[in-house]
Amino acid sequence: MKVLVIGGGGREHALAWKLAQSPKVQQVYVAPGNGGTALSPTLKNVPLTDVAALRDWALKEKIGLTVVGPEQPLAAGVVDEFRAHGLRIFGPTRAAAQLESSKAFSKDFMKRHGIPTAAYETFSDPAAAHAYVDRLGAPIVVKADGLAAGKGVVVAATKEEAHAAIDDMLGGNTLGVAHNEGGARVVIEEFLAGEEASFIVLCDGKDVAALATSQDHKRLKDGDEGPNTGGMGAYSPAPVVTPDVHARVMRDVILPTIRGMDKDGIPFTGFLYAGLMIDAEGRPKTLEFNTRMGDPETQPIMMRLKSDLVDVLLAATGGKLAEVELQWDRRAALGVVMAAGGYPLNPKKGDLITGLPRPADDAMVFHAGTVAEGDQVRTAGGRVLCVTVLADSVKQAQARAYDVARGIHFDGMQYRRDIGHRAIK
């Protein structure tokens, strides 16, 4: 079977790497891919991003399974287009992808179906948004209503920060948010205290299979300081998701979401990612939904997955997810993101990367913002690499990942030195 992975980040490299391990696979293609997928002996890059061009290429090549990595093609309707031409593809339709592509749609959906989330209001008028912040005070959360590559959320510690975020999201748009129909809008919501976790499941429209738990580190700097990013590292499993919390999340968040989407006439298929805040009593609230795998959570999750991912996704695209039981490596996995200088606002590009180690069963460097030039690899984006390892504990995985990271170099590189600190504490 030929398999296509759409996307070019670290998440897509990890998915393609895992899919290529299946004995059922003849070739895995990645569109457009990156420097790491270009140099991998088991993967081939395809320089396409346009939905129609991808559809035509997949038909010509007789692609047996397509997996969508990032949010942009989902919001552009790639799943609808492939399905309309008889191509098997795993991901949500354009309508279902609104759970991520529109914060306003997502919050209204949660309110309508009784899914626990933060209190909120939606604004397109700056004056009304500023007045709301003045009335509620800080800390407070301001979210752009649209796709922003994981950077469209400002957790404002002061009212001044919140006002600046409103001005940018409704005016300046330095984050490059892709606005939804009706123009720029913001969702402003109450600040939730607690510990964050990423809860990702596979859905076939009716049934779900939960992936291993994980925790992302959104802030740029150690100690969870600095601006929000797309994610600076992750580990799996996440101790904060106890068996009791897991049961609560399935009962109160995941299953009501799948049933609610079905009831609304928008059955959800694909990866559903609930970003959660878990309070001191173990009660989860939903911060946001993503309609695809997280990045960098995918990297440690794929390292731990023992099941054949092709079998799993064939079951999921055939409405037979209830028959799947996922198998996991008992070890912990941890990934450290190495980002370019200037990330997240002005990442530096074109720097030579040296010291990349050979792939190993328990240590992989997944590429994200890289490009191959002959045998050389250069930086080509904000998050450049994700050093991901398996070890007997999070603490051991952390030590090993940083040992690998210290051998890699590119000018201006930055990475956190405390990924996994909550699990170790």
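Contact order normalised by length for segment 306-410, with contacts defined as Cα pairs under 8 Å and 6 or more residues apart; what percent is it? Don't skip to the answer; put the middle values down first.
Working: 178 pairs, mean separation 33.0, N = 105.
Computed value for segment 306-410: 31 percent relative contact order.
As a test question: what accessible area, to the nearest 10 Å², does PHE191 have when a 1.4 Å probe is rolled over all protein chains in place?
The value for PHE191 is about 90 Å².
Per DSSP H run of at least 4 residues, take -39500 (n - 2.57); add these up for the chain, divide by its residues and hand me the 222 nm value, nearest 500 deg cm²/dmol.
Values: 15 runs with 120 residues, N = 425.
Rounded to the nearest 500, the figure is -7500 deg cm²/dmol.
Let me know the charge dipole size of segment 6-158 about its Cα centre in debye, to the nearest 20, where only the beta-carbon of Lys, Arg (+1) and Asp, Glu (-1) is charged. Before the final figure, lay out the partial values.
Working: 17 positive and 13 negative charges, 107 e Å.
About 520 debye.
Of the GluC sites (Glu not before Pro) in segment 251-343, which ones lie in a loop per DSSP and count no more than 15 other C-beta atoms within 10 Å? Walk me through the intermediate numbers first.
Values: sites: GLU281, GLU288, GLU297, GLU323, GLU325; in loops: GLU281, GLU297, GLU325.
Passing both the DSSP loop test and the Cβ count: GLU281, GLU325.
Scan (1) 27.3; (2) 18.9; (3) 30.6 for the value of mean projected area of the Cα convex hull in nm² calculated from this model and give just the label.
(2)
Considering only DSSP states other than H, G, I, E and B, which trypsin sites (Lys or Arg not before Pro) in segment 294-324 qualify as loop sites with at most 10 other Cβ atoms within 10 Å?
Working: sites: ARG304, LYS306, LYS320; in loops: LYS306, LYS320.
Listed in order of number, the matching sites are LYS306.
With an 8 Å cut-off on Cα pairs and a minimum separation of 6 or more residues, tell me the relative contact order of the chain in percent. Can you show the working numbers first?
Numbers: 1013 pairs, mean separation 70.1, N = 425.
Reported as a whole number, the value is 16 percent.
What FRET efficiency do you get for SER307 and ALA138 if R0 is 41 Å and r is their Cβ-Cβ distance, rounded to the nearest 0.05? Before the final figure, lay out the partial values.
Details: r = 45 Å, r/R0 = 1.09.
Here the calculated transfer efficiency is 0.35.
Of the DSSP beta bridges with both residues in the chain, give the percent that are antiparallel, rounding to the nearest 5.
Values: 66 of 82 bridges.
Among the beta bridges of the chain, antiparallel pairing accounts for roughly 80 percent.
Of the cross-linked pairs LYS60/LYS263; LYS159/LYS395; LYS62/LYS206; LYS218/LYS306; LYS143/LYS306, which ones have a Cα-Cα span greater than 30 Å in the structure shown?
LYS60/LYS263; LYS159/LYS395; LYS143/LYS306
Residues with amide H under 5 Å of VAL67's amide H, sequence separation 5 or more or different chain, H placed in the peptide plane at 1.01 Å from N; which?
Result for VAL67 returns LEU4, VAL5, ILE6, PHE90.
Which of GLY223, SER102, ALA423 sits closest to the plus end of the dipole of the chain, meaning its Cα is farthest towards the positive end, when Lys and Arg get +1 and Asp and Glu get -1 on the C-beta?
ALA423
Between ALA280 and LEU345, what is the spin-label point distance in nm, taking each point 7 Å from the Cα along the Cα→C-beta axis?
The modelled label-to-label distance comes out at 3.6 nm.
Pairs of alpha-carbon atoms within less than 8 angstrom and 6+ residues apart define the contacts here; what relative contact order does segment 65-157 have, in percent? Let's see the in-between values first.
Numbers: 94 pairs, mean separation 20.3, N = 93.
22 percent.
Which of the trypsin sites (Lys or Arg not before Pro) across segment 1-109 are loop residues per DSSP, with 11 or fewer other Cβ within 10 Å? Intermediate results must be reported in sequence, preceding the final value.
On the way: sites: LYS2, ARG11, LYS18, LYS24, LYS44, ARG55, LYS60, LYS62, ARG83, ARG88, ARG94, LYS103, LYS107; in loops: LYS24, LYS62, ARG88, ARG94.
Answer by residue number: LYS62.
Length gain on complete extension for the stretch MET250 to ALA52, per 0.36 nm per residue less the alpha carbon to alpha carbon distance?
Working: separation 198, 0.36 × 198 = 71.28 nm, distance 3.63 nm.
Between MET250 and ALA52, full extension yields 67.6 nm more.
Projecting each Cα onto the charge dipole of the chain (Lys/Arg +1, Asp/Glu -1 at the beta carbon, about the Cα centre), which of TRP328, ILE115, THR286 comes out farthest on the positive side?
The one lying farthest along the dipole's positive direction is TRP328.
The values are calculated or read from the model by the stated rules, or taken from the named source; none is laboratory data. These numbers were taken from a predicted model, which means no experiment stands behind them. Because the Cβ atoms are built from the backbone with ideal geometry, glycine has one as well, and the counts that use them run over all protein chains shown. These area figures cover heavy atoms from the full protein model, side chains too; ligands, DNA and RNA do not enter into them. Shrake-Rupley method; radii C 1.70, N 1.55, O 1.52, S 1.80 Å.
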